[in-house]
1. Can we say Ala534 is closer than 21 Å to Arg599 by Cα and touching a Gly at 6+ places or on another chain (Cβ under 9 Å)?
2. I'm trying to understand the selection: among the residues of the range 66-87, which are open to solvent by 20 Å² or more (accessible area, probe 1.4 Å), out of contact with any strand residue (DSSP E or B) (no Cβ under 7 Å at 6 or more places or on another chain) and of a type in the set (Phe, Trp, Tyr)?
3. Please work out which one of (1) open to solvent by less than 40 Å² (accessible area, probe 1.4 Å); (2) touching a Pro at 6+ places or on another chain (Cβ under 9 Å) is the condition Thr170 fails and give its number.
4. In the range 172-202, how many residues are modelled with pLDDT of 95 or more, more than 21 Å from Ser400 (Cα to Cα) and of a type in the set (A, V, I, L, M)?
5. Would you check which residues across the range 17-39 are modelled with pLDDT of 50 or more and open to solvent by 70 Å² or more (accessible area, probe 1.4 Å) and list them?
6. Within the range 269-287, which residues are of a type in the set (Val, Ile, Thr) and within 15 Å of the chain's Cα centre (by Cα)?
7. Taking the options Ser192, Ser172, name whichever one is of a type outside the set (D, E, K, R) and closer than 30 Å to Leu27 by Cα.
8. Kindly check whether there is at least one residue in the range 126-133 that is modelled with pLDDT of 95 or more, in a helix (DSSP H, G or I) and of a type in the set (D, E, K, R).
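The values are calculated or read from the model by the stated rules, or taken from the named source; none is laboratory data. For clarity, every value in this text was computed on a predicted model and none was experimentally measured. Note: ideal-geometry Cβ built from the backbone for every residue, glycine included; neighbour counts use all protein chains shown. Accessible surface areas use protein heavy atoms only, side chains included; no ligands, DNA or RNA. Shrake-Rupley method; radii C 1.70, N 1.55, O 1.52, S 1.80 Å.
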Amino acid sequence: MTAGVRQEPREATRPRAPRRTRLPALLALLVGLGGVGYRLALLLADAPPTNSDEATMGLAALHIAGGEGFPVWFYGQAYMGTLEAYLAAPLVALAGPSVLVLRLPTLALYALFLALSWRLTRRLGGDRWFALLVVGFLALGSDRVVKNQLIAGGGYPELNPAGVVLALLTVSLCAGASGARLPRWAAWGLVSGLMLWVDPLVLPYVLGTGAVLLAWRRRELAGPAGLVLAGTLLLGAAPMLLDSLRHGRNPLAAVLAASGGDAAASWGERLHGGLVVGPSLATGFCSPGHCARWQLWWAPVFLLLLALATATAWRTLRPPSAPPVSAPASPASAPASGADLGELPFEANGKSPRSGGGDARRVSAAVRLALLAAAAAVLAAYAASNAAGRTPIESARYLSVLAVATPALLWPLWSAARRAGLWPSCRHPGGVVGSDRPGHRHLGEPEPIHRTTGGRMRTRAAGVAAVAVLAGMLGTGAVATAGVIGGVPATHAEADRHRALVDTLGALGVRQVRGGYWTCNRLTFASGEDVRCAVVDDELRPGFDRLPAYRRAVDADPGAAWVAPAGSPLAARLDTRLGPGPGALDLVTVAGWRIYLPRR
């Protein structure tokens, strides 16, 4: 009876899983490459402009490459670790000192930040279209943003990728599989320790993600995991700790002393600089060097989004109330056990068990809440500082770490647009689904409860407003990015003039010079220390030398020259010493610069 029955392979009877759309992932890749390519083009055109602070990090890289020293701190101070110098040292050893070589590691850090931000957005529940939005926003580059990301001036380029790594590791440790956790604990501790050495601006993110780990993995932290985390954290912070023990220095006190306390600002100035100008500058909405009034629209929206996203994450994080005892719910009304898994990676790759979705959803909300709390703490600390009131344009770099919280900050906009049906969905042959798996809705996406006409209108209006804000963000950021591109020719021309200055000093045989602070270390690094410079002020008095050895070398040379930018107060002061008479100087001009040589 069964001899003629042909058995089909088991795989043939299984419904074929619909293929996930790859379009948003491919678009994100192209947008990310565009963001990296844009920044590489800036570097090749000598933008953003360099300065003596960046050259100081370059000198540290030069000394490390030559085995002449292994500095712990940025020269001349007891805070801001020199990780960027150690990253650039191998390239400097191979190719010699240059701004491009110094910035290649920071460009790589930016590319890593983009890739990690895509991953974090997915792990926090966002679909590929939302992750594409996040990558697209972060690919834009206003003046302040590209300076924070590319200038190797100490701390800023590495903070954002490190903050995203901490968030990713936190999600993995709290919601991932229970096996093989120790390497992840070690990575979390090592990154935290390194960043505390590099720059304490990342401390709110360390504390926020650490609180989530403590809430979810208290028992695990009481065992080997806690020892591993503590050990690697101490290892990462070892340069700071060892230097503090050797010299009795307190890096935290040094940071607080440098926060602008020497120039008091009123509370009105602080709040304006911190809460109005600061978010617009730091997140990429302003033109080079200033914020126009229309570009400040983002400030109130940023604060509102911060509050909305925090409330949403808190509401999701709160434990669900027990359902009333009644007749059992029908299978059709019960949510699928995997529905709350959203886009966490252990669900997306099909390797997760189908239980525990509610906890995974709460982990995602907890990490989002930690990122938002850290961003709020950074903003509050900055707004309370004198730097926000006295130098809001330049000091906005302290808010660069706000970018870490981008996926959590934009969550309410994404959710509102999706609920209103105004956001692209990942389509499959079997139909439209909320996530990339059939039958799953997105993590954190509310059930459609507004079934009345008024409810649908409110949902639609919220969605339209969300899309308008998103369009305004991308449009304003694009305008600010275009402003950077427009300033590239002038920046490139200035860099050419500086290269001509270095060449002229070499042709004249000048090896020791005096100049202003923003001239000296830049000149010394560009010449590979062939020219050493001692800092003077506009009255020719000794200034702040980050490397005192240079002053000793200059003071020992009776033929030391003077260098000043054309039209500067220092040049005007030195011009009075031209002409006949004892101590007179001879003038050699280079485009944009004036070289003053002692008359022999």
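1. Yes.
2. Phe70, Tyr75, Tyr86
3. Thr170 satisfies all of (1) open to solvent by less than 40 Å² (accessible area, probe 1.4 Å); (2) touching a Pro at 6+ places or on another chain (Cβ under 9 Å) except (2).
4. Of the residues in that region, 3 qualify.
5. First, pick out the residues of the range 17-39 that are modelled with pLDDT of 50 or more: 19-39.
Correct list: Arg19, Arg20, Arg22, Leu23, Leu26, Leu29, Leu30, Leu33.
6. Taking the range 269-287 and keeping what is of a type in the set (Val, Ile, Thr), we get 276-277, 283.
The one that is of a type in the set (Val, Ile, Thr) and within 15 Å of the chain's Cα centre (by Cα): Thr283.
7. Ser172
8. The answer is no, given that none of the residues of the range 126-133 is modelled with pLDDT of 95 or more, in a helix (DSSP H, G or I) and of a type in the set (D, E, K, R).
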